[in-house]
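Below is one structure, written out as structure tokens; comments come after it.
The values are calculated or read from the model by the stated rules, or taken from the named source; none is laboratory data. As the structure is a computational prediction, the values presented were derived from the model and not from experiment. Neighbour counts run over all protein chains shown; Cβ positions are idealised from the backbone, glycine included.
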Amino acid sequence: MSEKYDLLVIGHTAMDYIMTVEEFPDPNSSIPINTLEVFHGGAGANVTMVAATLGLKTTIISAVGRKFLKSDYLETMKKVNINTESMIISEDEDTPTAFGMTNNNKDQIFYFYWGAGKEFANTKPPKSTIESCKLVHLATGDPSFNQKSSIIAKESEKIVSFDPGQDLNMYNGEKLKEVIKNCTILFGNHYEIERMEKLLNCDVNGLRDFGPKIIVKTSGKDGSTVYTKKEKIKVDSVYRPAVDPTGAGDSYRAGFLYNYINGEDLKNCAKFASAVSSFIVEKQGCQTNIPSYSNVVNRMNDFYGK
């Protein structure tokens, strides 16, 4: 089958209720919320929206409620030519919703209403959609669905990237290992990589030995590190004061995959990704300040040099 799309993203589309507080409350107490905003979000949709805006031909598999079909969120996706034909539509549940708090230290806590996301467990991954893409990115979502999708993608000789994100706690060791062994690129922030190492009783080289050729660890303002069998590449972050760190990781993944699909070396993938994420943190919301390709290149060259 010919590859109609550059990128397929499998993962959540959600509405985000983003709050800022001075500090997190102790159990059995309350604290005032300083700000409350509602945004388009979901890790899968975040990656898809950024990648499509940069110029990739994208398609997405998410589970959403029927009301989503008449939402401005769907219209926003259509404006950047995202194919949504493989969306899973729930008749009984609403679109997933995230409730996130960020404190003065920029630490975050999220509560996530799965809603329609529960439909993943009862749905067979669409083989034809997976076969239609160059690269399949597995974002936060149902572990079993991601596992099954990773098997189909690997058998179809697709590039597979995997970012369990904040759903990492839903994976047991065997299921996590199964997905990792089917992926080409494994993403995680420094907390998540450490948790994966602990869960699988190995170090970063051990994670790579399970299957992925590339491991990308992001560390916020401290930059990112790309691990391969032959090298360890450290790249500084393009620092911008963070108004809201939500979505920075998803946009980094989108930027990295954009350059990877377009044949750039790994160091430039990480530099481009860091430049992309620097725009996202400048405004509140995961999709509020998505940059154009030219804006990313200009900022990247200004920071790192041409």
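Observations on the structure shown:
- Meets criteria (touching a residue at least 12 places away in the same chain (Cβ under 8 Å), out of contact with any Gly (no Cβ under 9 Å at 6 or more places or on another chain) and over 30 Å from residue 302 (Cα atoms)) for residue 173: yes
- Residues that are part of a helix (DSSP H, G or I), at pLDDT 95 or above and charged (D, E, K, R) within region 139-168 comprise 148, 154, 155, listed in sequence order.
- Output for region 117-137, where each listed residue is buried (at least 19 other Cβ atoms within 10 Å of the Cβ) and either free of Cβ contacts under 8 Å to residues at least 12 places away in the same chain or in a strand (DSSP E or B) (or both): 133, 135, 136, 137
- Selection count, region 30-55, where residues are crowded, with 24+ Cβ neighbours inside 10 Å and assigned to a loop (DSSP other than H, G, I, E, B): 1
- Some residue of region 4-24 being within 16 Å of the chain's Cα centre (by Cα) and small (Gly, Ala, Ser): yes
- Among (1) farther than 23 Å from residue 303 by Cα; (2) crowded, with 17+ Cβ neighbours inside 10 Å; (3) touching a strand residue (DSSP E or B) at 6+ places or on another chain (Cβ under 8 Å) - the single one residue 210 does not satisfy: (3)
- For first residues located in region 203-231 and farther than 29 Å from residue 279 by Cα, partners that are polar (S, T, N, Q) and part of a loop (DSSP other than H, G, I, E, B) and lie 6+ apart or on another chain with Cβ distances below 9 Å form the pairs 208/228; 211/182; 211/184.
- Matching residues in region 137-174 - criterion: being under 16 Å from residue 209 (Cα atoms) and either touching a Pro at 6+ places or on another chain (Cβ under 8 Å) or of a type in the set (Gly, Ala, Ser) (or both): 161, 162, 173
- Region 210-221, residues that are of a type outside the set (Phe, Trp, Tyr) and either in a loop (DSSP other than H, G, I, E, B) or at pLDDT below 95 (or both): 211, 212, 213, 219, 220, 221
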